[in-house]
Amino acid sequence: MKPHPIVVGADGTEHSKTAVRWAAREAHRRGLPLRVTHVFDWEWHEARYDMSNSYFDEARKHAEGVTATAVYEARGAALEVDVEGDPLVGHAAARLLSEADDAELMVLGSRGRGGFASLLLGSVSQRVATHAGCSVVVVRGRGGDLTEGPVAVGLDESQTAEKVLEVAFAEASGRGSRLSVIRGRAPVGYVNGDVELPEPSAEERARVEAQLTPWRGKFPDVPIDVVLVHDGAAAALVDASTRAQLVVVGSRGRGTITGAVLGSVGLQLLHHADCPVYIVR
């Protein structure tokens, strides 16, 4: 059985090209195929009077060009990766969400062609990142060509914590990097500096070490830094992203409303992180 591919959305922008290169290197590291997808939105109401279908033909030709260029970009980033390109017709977010159902990982750029300059995250990337059925990486901030700095991971005691740690350790091991484990300690409603919080207790440090012990054994090659901070998790991880090459978080944390797909920490990172953000599902 053919393994599930890594799927990357391409639209020809520089943000998209950076995402394609990141996805190609990740596919090579994992030994997975890469599927490059460009969705072109063909609206019938715009073309219904064009009996020759020239509008559709031109749109498809453009989509095939964008896809071919992205495939070329992917092969340039990872020569041995098994890559295929596929232009699709439809609304971008809806089609990418459908593609995610059969993907090991979905990779997106932070901004698309239709974004306003003032927006920090494109609407398609946000919708896919918050609703996809698979894990999603949004390549943003300093970009996807980073090779220096640690992998940072947000640690809590939620039901998804073990899966998040598994991904974070594997990513750090595959990159030959350190892993920075960050635990935010601020209570709900805390504003940085408004009260003096006590230093982490020995009991709290022991709980964190207990979570990490099995993974230290599975990934003995990964050096670890444990950081317990007074800030909330989102603020601490955004700060860590300025030095990291990747930030890994769960799709839902302890405080997430039932039924929500992505918690507030993940949303903050998608808008403000300075490196690629890996949302684990």
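The values are calculated or read from the model by the stated rules, or taken from the named source; none is laboratory data. On a predicted model such as this, the values are computed, not experimentally measured, just so you know. Every residue, glycine among them, receives a Cβ derived from its backbone with ideal geometry; neighbour counts consider all protein chains shown.
What to note about this one:
- Some residue of segment 183-192 being modelled with pLDDT under 90, outside the structural domain of Ser251 (by TED's automatic domain parsing) and of a type in the set (Gly, Ala, Ser): no
- Residue match in segment 27-40 (condition: more than 28 Å from Val248 (Cβ to Cβ), modelled with pLDDT under 85 and either over 21 Å from the mean Cα position of the chain (by Cα) or not β-branched (Val, Ile, Thr) (or both)): yes
- Annotation: of all residues in segment 242-259 being surrounded by 15 or more Cβ atoms within 10 Å (Cβ to Cβ) and under 15 Å from Gln159 (Cβ atoms), the one that is modelled with the highest pLDDT is Val249.
- Hits in segment 153-180 (condition: more than 17 Å from Gly217 (Cα to Cα), crowded, with 23+ Cβ neighbours inside 10 Å and of a type outside the set (A, V, I, L, M)): Gly154
- Residues that are modelled with pLDDT of 80 or more and either more than 19 Å from Gly90 (Cα to Cα) or part of a strand (DSSP E or B) (or both), drawn from segment 41-69: Thr69
- Residue pairs whose Cβ atoms lie under 8 Å apart, separated by 6 or more positions or on different chains, with the first residue in segment 1-23 and on the phi > 0 side of the Ramachandran plot and the second small (Gly, Ala, Ser) and not in a loop (DSSP other than H, G, I, E, B), are Gly12/Ala70.
- If you go through segment 193-225 and pick out every residue that is under 23 Å from Arg175 (Cβ atoms) and either at pLDDT 95 or above or in contact with a strand residue (DSSP E or B) (Cβ under 8 Å, 6 or more places away or on another chain) (or both), you end up with 15.
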